[in-house]
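Chemist: Dropping the structure in here first, questions after.
The values are calculated or read from the model by the stated rules, or taken from the named source; none is laboratory data. Everything quoted here is computed from the prediction, not taken from an experiment. Here Cβ is always computed from backbone atoms with ideal geometry, including for glycine, and neighbour counts include all displayed protein chains. Areas reflect the complete protein model, heavy atoms only, side chains present, ligands, DNA and RNA absent. Shrake-Rupley method; radii C 1.70, N 1.55, O 1.52, S 1.80 Å.
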Amino acid sequence: MIKIAPSVLSLDFSKFSEQIEVLNNHADWIHFDVMDGHFVPNISYGPKVLEEVKKLTTLFCDVHIMVSNPKDVAKWFIDAGADSITFHIEAVENHFEALEIIEYIKSRGVKTGIVVKPKTTIQEIQPLLKAVDIVLVMSVEPGFGGQTFMHDSLIKVKELVKLRESLDYNYLIEIDGGIDKDTGKLAKAAGVDILVAGSYVFNGNIVENIKSLR
Ligand code: DX5
Ligand code: ZN
């Protein structure tokens, strides 16, 4: 069954608790985008906002950190209640550093994930695939909600499906950026397990929009 993970980035902050309550009844996960103004040209929010979300939900909080110092930031968000931390391969020096962060996240009892930007190949994360619970494929350049879906990302999803099967790995495949009813359908057909959607979910009727992604 596909999991729908609405992104808090597009939530209407003047209706914060009301909209989290709608997600409680209709979404599977909550996706939390952390931007540092350095790894990506935008700033979103810090651990305090996650703490507030956690007070209002028991849903799995999936924290996507778009930051230059993933190890420090992972710690802050785990302390704030993250259920998973996905960090960018482009933010670390090498696979050793990536594995060190993965081990740290695991040691805290939190699910781990690796993220690839549109120009990064699956080959570049292949040595990490065995160790992670989630692989997040970016279908837009990270930094902003509301961008157009990049269809090439589906090739990576299919590659990940094949690798998981042939190597007997266990990661979930997640896609993030430009997901709506139509691109969501394409992503599901390619084999995605988790659909992240921001602007599509929060623009209009949240309940109907989530339903249309299933
Ligand atoms: C982009 C973020 C996404 C974003 C998705 O940098 O990682 O999670 O909020 O937004 P939409 O669904 O509007 O493309
Ligand atoms: Zn995201």
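Chemist: Looking at segment 114-151, which of the residues that are of a type in the set (D, E, K, R) and more than 19 Å from Val40 (Cα to Cα) is surrounded by the fewest Cβ atoms within 10 Å (Cβ to Cβ)? It would help to see each step written out before you state the result.
Modeler: At the first step, the residues of segment 114-151 found to be of a type in the set (D, E, K, R) are 117, 119, 124, 130, 133, 141.
Subsequent filtering for residues that are more than 19 Å from Val40 (Cα to Cα) retains 124, 130, 133.
On the way: Glu124: 14, Lys130: 11, Asp133: 17.
Applying the filter and picking the extreme gives Lys130.
Chemist: Could you check segment 90-119 and list, in sequence order, the residues that are part of a loop (DSSP other than H, G, I, E, B) and within 15 Å of ligand 2 (Cβ to nearest atom)? Reasoning before the result, please.
Modeler: First pass over segment 90-119, keeping only residues part of a loop (DSSP other than H, G, I, E, B): 92-94, 108-110, 117-119.
If the condition is that a residue be part of a loop (DSSP other than H, G, I, E, B) and within 15 Å of ligand 2 (Cβ to nearest atom), then Lys117, Pro118 are the ones that fit.
Chemist: For Phe39, state whether it is outside any helix (DSSP H, G or I) and closer than 22 Å to Ser107 by Cβ. Can you show your working first?
Modeler: Working: outside any helix (DSSP H, G or I): yes; closer than 22 Å to Ser107 by Cβ: no.
For Phe39, the condition - outside any helix (DSSP H, G or I) and closer than 22 Å to Ser107 by Cβ - is not met.
Chemist: Of all residues in segment 152-185 being among the aliphatic types (A, V, I, L, M) and within 16 Å of ligand 2 (Cβ to nearest atom), which is surrounded by the most Cβ atoms within 10 Å (Cβ to Cβ)? Spell out the reasoning first.
Modeler: Here is the first cut: in segment 152-185, the residues among the aliphatic types (A, V, I, L, M) are 154-155, 157, 160-161, 163, 167, 172-173, 175, 179.
From the residues that got through so far, the ones that are within 16 Å of ligand 2 (Cβ to nearest atom) too are 157, 172-173, 175, 179.
Values: Val157: 24, Leu172: 18, Ile173: 21, Ile175: 30, Ile179: 27.
Top of the filtered list is Ile175.
Chemist: May I pose another question? Can you tell me how many residues within segment 139-179 are farther than 11 Å from Gly191 by Cα, within 12 Å of ligand 1 (Cβ to nearest atom) and in contact with a helix residue (DSSP H, G or I) (Cβ under 7 Å, 6 or more places away or on another chain)?
Modeler: 5
Chemist: Any residue in segment 127-156 that's under 22 Å from Glu97 (Cβ atoms): show its pairings with residues that are within 14 Å of ligand 1 (Cβ to nearest atom) and assigned to a loop (DSSP other than H, G, I, E, B) at Cβ separation under 7 Å, as long as the two are six or more apart or on different chains.
Modeler: From segment 127-156, the pairs are Met138/Lys117; Met138/Pro118; Met138/Gly177; Pro142/Val40; Pro142/Lys117.
Chemist: Check off (1) open to solvent by 10 Å² or more (accessible area, probe 1.4 Å); (2) closer than 21 Å to Ser199 by Cβ; (3) touching a strand residue (DSSP E or B) at 6+ places or on another chain (Cβ under 7 Å) for His31 and give me the number that stays unchecked.
Modeler: Every condition holds for His31 apart from (1).
Chemist: Tally up the residues in segment 42-68 that are within 16 Å of ligand 2 (Cβ to nearest atom), in contact with a helix residue (DSSP H, G or I) (Cβ under 8 Å, 6 or more places away or on another chain), open to solvent by 10 Å² or more (accessible area, probe 1.4 Å) and hydrophobic (A, V, I, L, M, F, W, C), please.
Modeler: The qualifying residues number 2.
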